[in-house]
Structure formats: structure tokens, C-alpha cells
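Have a look at the structure below before the remarks.
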Amino acid sequence: MAENYQAPADLNRIRTIALGVGGISLIVWAAGTYFNVEQGLRSWLLGFIFWGGLSIGGIGILMLQYLTGGAWGVVIRRTVEAASRTLPIVFLIWLPLAFGATYMYRWAHLPPDDFTVLQRGDFLSPMWWAARSVIYFVVFGTLVYLLNNWSARQDRSADHEEAAKWLGKATKFSGPAMVIYVIFVTFASVDWVMSLDPHWFSTIWGLLFTAGWGLSSLCFSIVILAFLSDRAPMNRVLGKRHFHDIGKLILALVMIWAYFNFSQLLIIFSGNIPEETVWYITRMTTGWFAVGIGLILFHFAFPFLFLLKQDWKKNAKMLASISIFILFMRLVDMFYLISPNPRIDGSNLILSASFSWLDIAGTVAVGGIWLWYFLGRLMSRPLVPVMDPFLENAIEHGHGH
């Protein structure tokens, strides 16, 4: 059965293109960074947070499908597993940030009598920042190894009874592991993004990234599944109801993302504490205010209205199109969170001065390398869990009315 569900060979051509584009963009980014190190590293951070979020978000979606069950989880499992197994390349992509932290994070240059330094001490130091990041990768890597190892053992099971044992083990593990996952996503997002402004904080920050990275992972999975849906072997597996089910999950996460962002704004606006409001005041300048309004309209309102239509969610190409659009808005959202933060010289730049061609070069470079590695992981295993006891029912569900 495993041989009947191997990925189509034409993915190799896409891998080659992705690596070529990523390699050329990497050279361009490196040349630009030589002349502007801080901007180059911030652009690399943008690519790392967006593409690395697909890997980390894939871990969350993988555990979620084990916990909730359903046909959608069976057909999407191998895609999010492949995304989670890109964690080694994500770690390598993180290394330039580790070596260049002092060129990018303002907390590395604060005076000893600064309030932040006095309160947080060595917590915000390059060495401990890097050490904590390594711990995050170790924890995420452990989750990836265990879940993918049990899934591989399920494929090698002699019968469905043995396969059900591995499925049950992954399901039981995913409950407490999901709690650990959210905690470490919170710490990682605080260290990697929120600490760009060392004087600002938000207690809902981790949930913003948990929901946002999960949304990115689901949208990316839809794009991959839609591409495979008219090619063997997935044309025998995927049906309209699969896309409809995952489309409803995307709609839910779009609303959750909006709710978390609105909650953060409402609480900070109501509190009106100077050290909290400065983050929004910066983003209410002329250029950034327009980006914020754009996120409300195109990251929430437009996808929300689009995904209310049942027939559109059942159409693979239409759902893939809105998923690509949401992924683009996810990138805009990451840019909105990263770029307006204070630079090392203390300046808060307006939108026209914040955007750089290095943002494009860095994001494309990271994306090309990540896609090349991801497609390799996707092709290394069958596209569906062939020994899953619920596989046949899941396929039948997708082709129902």
C-alpha cells in the first residue's frame, strides 16, 4: 500500500526551482547585508518567523488533528508532518540571527541603569537569549521526533490492531504535549519578536503566534493538497468534503486571530499605561496606520466573508487561492510586528523608511531553501498514513455529499 501512495515525481522539478531561487536570493541578501547589517538581519528575521512558523505551526496542527480526530486529520497528517520535519533547516536558518543578535536587538545596547536591564538582568543578554532558543528547538524537536516516529511505526504495522496502538499513543501524548507546545511558542515568540522593543510587553503575545502559525500551517497545507488533488495518488483520496472541513478550520483561526488582536488592543487602550501604549502609537502613524487597517480588512474581513460561502470552501482551487492570499497577509502581519520596532540607534521608522528590498530578498531566500527541504520530506513517506484504521472511512467521507 505504501508504494501506491508515493508523491508524484514532478515535485522534484519544483524542488530544483525552489532551491535555485532561494540560492540566488541568498546571495543578493548577503551582498545587501554587508552594507546594512541591522536591516539585513531584520529582513532575515522576517523570513525566519514566517517560514519557520510553518514548521512550528505544523507541530501544533499535527497534535490538534490527533486530539480531534476526523477525516480532515487523516488526509492532512503527512503534509503537516513533513512541515514539522523541516525543523533542522529552520534551526540552521536561525543561526545567523544567533550570531548577529547584538546587531539587531536594542536590548543588547541598553545602558546599565536602564529600567529593563535592572529588572531583567542577564535574561536579556545575547548568551542567554541564544541558550533559550536552543532549548526551544530541543523541545520542538522532541515533539517532532516522537510524533513522526510513531507515525512511521504505524505505517510498518502488521495489522490494524497494531496500527491502532501507535495511533492511541500519539493521541494520548498530544494532550499534555499541546500545553507544553503553547508555553514554548509563547517564550519563543517573546524572545524572537517581542523583545525587539525591550520596553514593551503583552501577555497575549504567545497566543497571537499560536493561532497565527497554526493558521499559516493550515493555509499552506491546503495549497499543497490542492496542487496534489488532481494528481495520482491523491486524486483517489481527496474529496470536496475534506477541503470543506479544513476550510472551516481556517475560518475559525481567522476569527481567533482577529479576536486575540482585538483583545490586546482593547486591554492596552483601556489601561492607557504609557509603556504599553507606545507600541500602538508608533503603529498609528500615517503609513503604519494604513497597514493596520489593511490587516483588519484583508487578514480578517475579506477571508471571513469569503469562507462563509460553503461551495467556495469545497472548491479546491478557490480555497487554495484564498489560502495563498491569507499567507501573504500573514507575511504582512509579521512585517507589521517586526519592522516598526526601535532600531539600535533608538529610532522608530515610518513605513517608507522601514521597508527595504532586503525584506523581499531575505524572505525569498529563506522560503526557497525551506520549500526545497520541505518537498524532500514530503516525498520521503507515503502521502497518507496507509495503515491508519480510519483511512478508508476518511477517504469515503471526503467523497460524500
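Would you mind checking region 197-237 for residues with the amide N under 13 Å from a putative spin-label position 7 Å along Cα→C-beta of residue 263?
Counting backbone N atoms under 13 Å from the label point, the list is 203-212.
Take the alpha carbon gyration tensor of region 6-62, find the square roots of its eigenvalues, order them as a ≥ b ≥ c, and report rounded if a/c is under 1.5; if not, report prolate when a/b exceeds b/c, else oblate.
It comes out oblate by the Cα gyration axes.
For region 264-272, what does the Karplus curve 6.51 cos²θ - 1.76 cosθ + 1.60, with θ = phi - 60°, yield as ³J(HN,Hα) per residue in whole Hz, taken in order and with x for Gly and Pro?
Couplings: 4, 4, 5, 5, 5, 5, 5, x, 6 Hz.
Looking at region 14-396 from every direction and averaging, what is the projected area of its Cα convex hull in nm²?
Averaged projected area of region 14-396's Cα convex hull equals 18.6 nm².
Using Cβ contacts closer than 10 Å as the measure, can you line up 62, 92, 54, 143 from fewest to most?
92, 143, 54, 62
Apply the Karplus curve 6.51 cos²θ - 1.76 cosθ + 1.60, θ = phi - 60°, to the phi angles in region 72-78 and return the couplings in whole Hz, x for Gly and Pro.
Residue by residue, region 72-78 yields 4, x, 5, 7, 9, 4, 5 Hz.
Applying the Karplus parametrisation 6.51 cos²θ - 1.76 cosθ + 1.60 with θ = phi - 60° to the phi angles of region 197-213, what ³J(HN,Hα) value in whole Hz is obtained for each residue in order, glycine and proline being reported as x?
10, x, 9, 10, 8, 8, 7, 9, 4, x, 5, 4, 7, 4, 5, x, 5
Quickly estimate the mean residue ellipticity at 222 nm for the chain, helices only: each DSSP H run with n ≥ 4 gives -39500 (n - 2.57), and the total goes over all residues, rounded to 500.
Calculated from helices alone, the mean residue ellipticity at 222 nm is -25000 deg cm²/dmol.
Shape call for region 1-103 from the C-alpha gyration tensor, a ≥ b ≥ c root eigenvalues: rounded (a/c under 1.5), prolate (a/b greater than b/c) or oblate?
Details: a/c = 3.75, a/b = 1.72, b/c = 2.17.
The shape class here is oblate.
At a Cα cut-off below 26 Å, give the lysines reachable from residue 172, other chains included and same-chain residues fewer than 8 away excluded.
Candidates past the 8-residue exclusion: 248.
May I ask for the angle, rounded to the nearest 10°, between helix 316-338 and the longest principal axis of the chain, with both axes built from Cα atoms and the value confined to 0 to 90°?
Tilt of helix 316-338: around 20 degrees.
By how many nm would the segment from residue 34 to residue 109 lengthen if fully extended, with 0.36 nm per residue of separation less the alpha-carbon distance?
24.9 nm
Could you give the angle, 0 to 90 degrees to the nearest 10, between helix 286-295's Cα long axis and the longest principal axis of the Cα atoms of the chain?
20 degrees
To the nearest 0.05, how large is the calculated FRET efficiency for residue 67 and residue 278 if R₀ is 35 Å and r is the Cβ-Cβ distance?
The computed FRET efficiency comes out at 0.35.
Out of the chymotrypsin sites (Phe, Trp or Tyr not before Pro) in region 185-229, which ones are loop residues according to DSSP with at most 16 other C-beta atoms within 10 Å? List each step's numbers first, then the result.
Values: sites: 187, 192, 200, 201, 205, 209, 213, 220, 227; in loops: 200, 201.
Qualifying residues, ordered by number: 201.
Report, in debye and to the nearest 20, how large the dipole of the chain comes out about its Cα centre when Lys and Arg carry +1 and Asp and Glu carry -1 on their Cβ.
Numbers: 28 positive and 24 negative charges, 180 e Å.
So the dipole magnitude of the chain works out to roughly 860 debye.
Just going by the charge dipole of the chain, with Lys and Arg at +1 and Asp and Glu at -1 on Cβ, which of 279, 257, 222 is farthest out on the positive end?
222
How many angstrom separate the Cα center of region 243-262 from the Cα center of region 334-368?
27 Å
Is the C-alpha gyration tensor of region 266-401 telling us rounded, prolate or oblate? Criteria: a/c under 1.5 is rounded; beyond that, a/b larger than b/c is prolate, otherwise oblate.
The shape class here is prolate.
Pull out the extension gain between residue 16 and residue 158, defined as 0.36 nm times the separation in residues minus the alpha carbon to alpha carbon distance; nm, one decimal.
47.5 nm
Laboratory data are not the source of any read-out in this text; all were calculated from the coordinates shown. Keep in mind that this is a model prediction, so the values were computed, not measured. With ideal geometry, Cβ positions are generated from the backbone for all residues, glycine too; neighbour counts draw on all protein chains shown.
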